[in-house]
1. Taking segment 264-322, which residues are crowded, with 19+ Cβ neighbours inside 10 Å, without any contact (Cβ under 8 Å) to a residue 40 or more places away in the chain and farther than 24 Å from residue 247 by Cβ?
2. Does residue 102 fit the bill of being of a type outside the set (D, E, K, R), open to solvent by less than 40 Å² (accessible area, probe 1.4 Å), touching a residue at least 24 places away in the same chain (Cβ under 8 Å) and closer than 22 Å to residue 77 by Cα?
3. If you scan segment 90-140, which residues turn out to be assigned to a helix (DSSP H, G or I) and within 16 Å of residue 69 (Cα to Cα)?
4. How about segment 210-231: which of its residues are surrounded by fewer than 24 Cβ atoms within 10 Å (Cβ to Cβ), more than 22 Å from residue 125 (Cα to Cα) and not small (Gly, Ala, Ser)?
5. Using the structure shown, decide if residue 255 is among the basic types (Lys, Arg) and at pLDDT 95 or above.
6. Does residue 161 satisfy the condition of being under 26 Å from residue 290 (Cα atoms), of a type in the set (Gly, Ala, Ser) and either in a helix (DSSP H, G or I) or under 12 Å from the mean Cα position of the chain (by Cα) (or both)?
7. Look at residue 206 and say whether it is of a type in the set (Gly, Ala, Ser), surrounded by 18 or more Cβ atoms within 10 Å (Cβ to Cβ) and modelled with pLDDT of 95 or more.
Amino acid sequence: MRRHITVLLALLLVVSAFAPAAAGQSNADTESTVDVTCEFPLELTDATGTTITLEERPDSIVTLQASDTQTVYEIGAEDRLVGLPYSYATSDFDRGDRVNVGDGWTVKHERVVNLDPDLVLAANATKDGDIEQLRNAGLTVYQFSDAESLDDVRENVRTAGKLTGECDGAEETITWMNEQLEIVERTLEGADRPTAYYAMGDGYTAGSGTFINEALTTAGMTNIAAEAGVQSYNQINPETVVDESPAWIIYPNDREQVPIHESITATPAYQNDNVLPVKANYISQPAPRVVYAITHIVKTVHPEAYEAANEELDAAPEDDTPSDDQQTDSIPGFGVPAALIAMLAAAGIIARRR
């Protein structure tokens, strides 16, 4: 979407370059855009320590997680996407006739292998066994590193661009992210930073060392979990939440109700109805649209600041209403924040994969 605008601007620059006399300028004075060109053959080492080689730009791509899918669409590589996970987490995108290769929890290995893609993209939450099985079948699989910050999200976008041959689209996406977040930062300068509890359910929250924590602080909040020493995605004692007395409760909107312990209803946030659901497809994904989650929080918590920046901020895409089959899909596919918790919660272990 943003790439079309960039192309139009580039065409205007080309036209102006052919008419310097009419503009009263020389060609040397005419500004031009610089394309970012991908280079193949390409060798990259992924989060598993495996170095993959791509001799040429992949003509067919499969994504195993929703964050991979979102990034592929944002950088402009969706025309070569042949398979993706079907779940609520990918319901925002036009799936077309692309093959359903899983739901975020499980990977349908046979379907992926039958597609024989040139490249398989796997977010960090993808199980090691799934990656190993696909590699044993002869497929090229790249697993992304865990996104512990917004910079990590940017780097994963850049890496996806290199892998798919969409380096220019990736850089345009990163530039858009930077511009939007710079507007937010400028607008919130000097603003109060109310405390917030990010509720993920079953007592889990996002502490320090997570991109969600940085999303909250970028949106002008103080994350009580990080302040209380919670690291990564982990549980926080409800008594700690009550003691911290958060002014806001924020949670991903894929939950049927506010996912908090009963005791937390006594906090100022709940008592004052300062409970904010944020679209899970934005806040839970280590992908470009986390920017929309940030601006949504700013709009609600800092309405005056948002109003001042409204004309400069891009509106989020209109929400597509999921079809009946999409609505009955399981919720997983949200990268580390949900998929990792789901895999490890039963064992009582929450930790980074690597």
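The values are calculated or read from the model by the stated rules, or taken from the named source; none is laboratory data. Keep in mind the model is a prediction, meaning the values are calculated, not measured. Positions of Cβ are backbone-derived with ideal geometry, glycine not excepted, and every protein chain shown enters the neighbour counts. Accessible surface areas use protein heavy atoms only, side chains included; no ligands, DNA or RNA. Shrake-Rupley method; radii C 1.70, N 1.55, O 1.52, S 1.80 Å.
1. Matches in segment 264-322: none.
2. On the way: of a type outside the set (D, E, K, R): yes; open to solvent by less than 40 Å² (accessible area, probe 1.4 Å): yes; touching a residue at least 24 places away in the same chain (Cβ under 8 Å): yes; closer than 22 Å to residue 77 by Cα: yes.
Taking the combined requirement at face value, the residue satisfies it.
3. Here is the first cut: in segment 90-140, the residues assigned to a helix (DSSP H, G or I) are 90, 109-115, 128-136.
Result: 90, 112.
4. Across segment 210-231, the qualifying residues are 217, 218, 222, 227.
5. On the way: among the basic types (Lys, Arg): yes; at pLDDT 95 or above: no.
So residue 255 fails the test.
6. Values: under 26 Å from residue 290 (Cα atoms): yes; of a type in the set (Gly, Ala, Ser): yes; either in a helix (DSSP H, G or I) or under 12 Å from the mean Cα position of the chain (by Cα) (or both): yes.
Answer is yes for this residue.
7. Numbers: of a type in the set (Gly, Ala, Ser): yes; surrounded by 18 or more Cβ atoms within 10 Å (Cβ to Cβ): yes; modelled with pLDDT of 95 or more: yes.
The answer is yes for residue 206.
Here is a yes/no grid of residues against (1) within 22 Å of residue 288 (Cα to Cα); (2) at pLDDT below 95; (3) open to solvent by less than 40 Å² (accessible area, probe 1.4 Å):
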residue: 82; (1), (2), (3): yes, no, no
residue: 89; (1), (2), (3): yes, yes, yes
residue: 92; (1), (2), (3): yes, yes, yes
residue: 112; (1), (2), (3): no, no, yes
residue: 121; (1), (2), (3): yes, no, yes
residue: 134; (1), (2), (3): no, no, yes
